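Working notes, beginning with the structure itself.
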Amino acid sequence: MIAAEIAGEQAHVDQVYARLGEATRSARQVASEGRSRYQSDRQSYVREEDGTGLYERDVFAFQAAKRLATLDAEHEGLVFGRLDRADRQTHYIGRIGVRDEDYEPLVIDWRAPAAEPFYRATPTKPMNVIRRRVLRSRGQQVIGIEDDLLDDEHADDTLVVVGEGALMAALSRARGAQMRDIVATIQAEQDEAIRAPYQGVTMITGGPGTGKTVVALHRAAYLLYSNRRRFESGGVLVVGPSRVFMNYIERVLPSLGEESVTLRPIGAVASDVVKLSGERTDSAEVAGIKGRLAMVGVLKRVAALPTKGAPDILAVTIKGEPLVLRVDQLNRIRTDVLSRYRVNQGRAAAESALLNALWALKPAQIELDRDQFDEQIGSMASFRMFCNAWWPYLSAEEALARLGDRDTLRQVAAGSLSDHDQQLLADSFAGGGEPTIADGALLDELIDRIGPVPQTETEPNIFLDDEGSQVSELVTVADRLSVQREVDPFAEPYQTYAHILLDEAQDISPMQWRMLRRRGQHASWTIVGDPAQSSWPDPDEVQRAIQQVIGKAPHREFHMSTNYRSPAEVFELAAKVALHAYPKADLPKAVRSVGIEPELRVAQRGDDLGPDAVRAVRDLLTVVEGTVGVICPPSLLDSVETKINSEIDDHDLRRVIVVTALQAKGLEYDGVLVVSPDDLVSQTPGGERVLYVALTRPTQRLITLDRTPGATWRRPLG
Ligand SMILES: Nc1ncnc2c1ncn2[C@@H]1O[C@H](COP(=O)(O)OP(=O)(O)OP(=O)(O)O)[C@@H](O)[C@H]1O
């Protein structure tokens, strides 16, 4: 019976692929026949959607075929769903929409309104659907069917129902290194968040494993589908906690046929204005200081400091008369210009303020009008050299590096940061090196404060050839000294977006929020998070920061209530830790049980966890098919990783990942070993909340490894 059903579905799937092949060929042919067909009487090009019926059809199918080409090779089938409706119509649902030659839909895009019942219909509210069918495919081959009967009253004998439910089948499958789309099994509460209107702020909350990330990514695809013009031209930015996380999720959008979304780890959001890899981390304590709002004042003051060793006197001679500006006057000019301009935008204003002050000193007997005076002084080498040294362009990196000097830091941070914090901060900058994740937001703040260093272009030196003595008077010394030309220092340097989708929002520092808001001044937002997983000392402070971002914007909240990742046995244990750490924790219900309790192991030798860690990894490798994550406290990461690398053979090692709990944020592994939970708790300000993150990573099996049987973290377990 199943074979006959599969064969029936295969016939339809074959028809879809055949149609796509045909459409691609015919659209290519149309294109190669020349552009004349696309032109209207007025010789202007017709927009695609205004074309003739024939052309429109071809374009439609051609676009579908083009999008098909971008779909992930590993995707689980272009056509994945079928609805049998009470009115006897059948709709097929797929990753993209495809129509036949008569413009009738062969497949409906999953994001189209007609596909909504596929995700929302239930037996109590069947939405005119009798049977919902999920097709499982490998490439173009249908290999399985899972049905839900939603309305048995209207079902008749011809409607066969097979399978045990697509969701459970999907959840039990082993996980690979990358997240997969869930387009065939989106659940009703998830679908509501995906299809929510784009305006204002959409919050997606819920505990670990409830699909917040994957739902947010489907929402990005939905926004592009439902408002392609707005979001493709305005841009959609997806921000996650780390580069590892971005690599983990990067296939989801292409598998839905969408490639035009920018993905950035939070540490590299500012890479549109400064050079950043977004990989280097600070200690949690230093990151905490760098993330605080107190840094706004510190940076403002450090940016306004004059350059060390800048000249404190300007002396020029005009027609034999010396004109001199001294330090007080220079400082007054500086303060006045800085009250009106950013440092890097104030250079021209500073020069004209200097000329004003010099003009005021000009003795009456010098007969020059103001234009002549400005021209003569402005082209003097001494004046230009003074300006370069007194008002140099300041880069954000130079300004930040000033904080590495303890005295400078004391000067700008007194009253804002404690001595202890100043010391930590100064030490972190004194070492140099590439910017850390937290530095990204500080550099961004500085650029906002001082403006970017104007890009410079070298002027073509047409007058400076060796033979050019006859034109030498055309080339002033100032020209020689300054062959650079400013390129609009007032243009906003930031890349802005029409929609920003932010994951793991509970870990975004107030300084990072400021950085994100610069890129989304007119954007709508999707904000995803769970305060119980926050790694900040005070998760409520972060919630307040989110409220500030929302401000008065219209906002809606969607709450995800089911944990699709953790086995019920594992989540029961994790939930006790969560409640102890954060009594307000939003605990989802785990849908899947594997019948195996987590194992709480104790090392044979508490001072060396390596051998037991290797043993636990071997055990996990034999019981799970997919990945094994080893989550370590920072102090043990290197030693455990070295031990595992040397003892586990290369073939198995490919399935093993050794990370800290913070690096594991948002990720999942089939088997997880949490090494020394007590150390993990004591080594991060998020404490037990970060342990909760670690304990909720496995999809199948969990082992914990303690130094002693009386480990503190176990107390809430009873
Ligand atoms: N409707 C669904 N069908 C199939 N799999 C799903 C569904 N919803 C979620 N999942 C799976 O559940 C797992 C957890 O999803 P996801 O990582 O998005 O959760 P999360 O809420 O962001 O978790 P965390 O807060 O722990 O980062 C993923 O493997 C995801 O593919």
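The Cα atoms of region 494-563 cover 34, 26, 21 Å along the three principal axes, with the biggest extent listed first. Taken over the C-alpha atoms, the chain has Rg and Dmax values of 32.0, 111 angstrom.
Summarising the label geometry, the points placed 7 Å from Cα in the beta-carbon direction at T317 and D419 lie 5.3 nm from one another. Working note: Karplus 6.51/-1.76/1.60 with θ = phi - 60° gives region 407-423 the couplings 5, 4, 4, 4, 4, 9, 10, 4, x, 9, 10, 5, 4, 4, 5, 4, 4 Hz, where Gly and Pro are set to x.
With 0.36 nm allotted per residue and the present C-alpha distance subtracted, the Q372-R544 stretch has 56.1 nm of extension available.
Highest average first, the peptides 364-374, 699-709 ordered by how many other beta carbon atoms sit within 10 Å of their residues are 699-709, 364-374. In this structure, K275 and R138 have a Cβ-Cβ separation that, at R0 = 41 Å, corresponds to a calculated FRET efficiency of about 0.40. For the chain, adding -39500 (n - 2.57) for each run of n ≥ 4 DSSP H residues and dividing by the number of residues yields -12500 deg cm²/dmol at 222 nm. Between E285 and K308, how many nm apart are label points set 7 Å from Cα along the C-beta direction? Inter-label distance under the simple model: 2.6 nm. Calculated on C-alpha atoms, the gyration radius of region 498-630 divided by its Kirkwood radius gives an Rg/Rh of 1.08.
The equivalent ellipsoid that matches the C-alpha gyration tensor of region 314-390 spans semi-axes of 22, 12, 12 angstrom, in descending order.
If I take every Cα pair under 8 Å that is 6 or more residues apart in the chain, average their sequence separation and divide by the length, what percent do I get for the relative contact order?
13
Multiplying the residue separation of R654 and R406 by 0.36 nm and subtracting their alpha-carbon distance yields 84.7 nm.
Between E397 and R517, how high is the FRET efficiency from 1/(1 + (r/R0)^6) when r is the Cβ-Cβ distance and R₀ = 22 Å? Nearest 0.05.
0.50
Sorting H559, H420, H91 from the fewest to the most surrounding beta carbons within 10 angstrom yields H420, H559, H91. Between E259 and L717, residue separation times 0.36 nm minus the direct Cα-Cα distance comes to 160.4 nm.
Annotation: amide H-H contacts under 5 Å for V602 (H modelled 1.01 Å from N, sequence separation of 5 or more, or interchain): D706.
Rounded to the nearest 10 degrees, the inclination of helix 610-623 to the longest alpha-carbon principal axis of the chain is 50 degrees. Counting DSSP beta bridges with both partners in the chain, what percentage is antiparallel, nearest 5? Close to 40 percent. Put in line by how crowded their Cβ is, counting other Cβ atoms within 10 Å and starting with the fewest, E668, E492 read E492, E668.
Ranked by the mean number of other Cβ atoms within 10 Å of their residues, highest first, the peptides 255-263, 644-652, 16-24, 217-225 fall in the order 217-225, 255-263, 16-24, 644-652. Taking other C-beta atoms within 10 Å as the exposure proxy, T122, T660 rank T122, T660 from fewest upward. In square nanometres, what is the average projected area of the Cα convex hull of region 77-184? With every direction weighted equally, the projected area is 7.8 nm².
Averaged over residues, the count of other Cβ atoms within 10 Å places the peptides 566-574, 618-626 in the sequence 566-574, 618-626, highest first. Summarising the label geometry, the points placed 7 Å from Cα in the beta-carbon direction at D427 and H12 lie 6.6 nm from one another.
Where a number appears in this text, it was derived from the coordinates with a stated rule and is not lab data. Remember, predicted model here, so these are calculated numbers, not experimental data. Methodologically, a virtual Cβ is constructed for each residue, glycine included, from the backbone with ideal geometry; neighbour enumeration extends over all protein chains shown.
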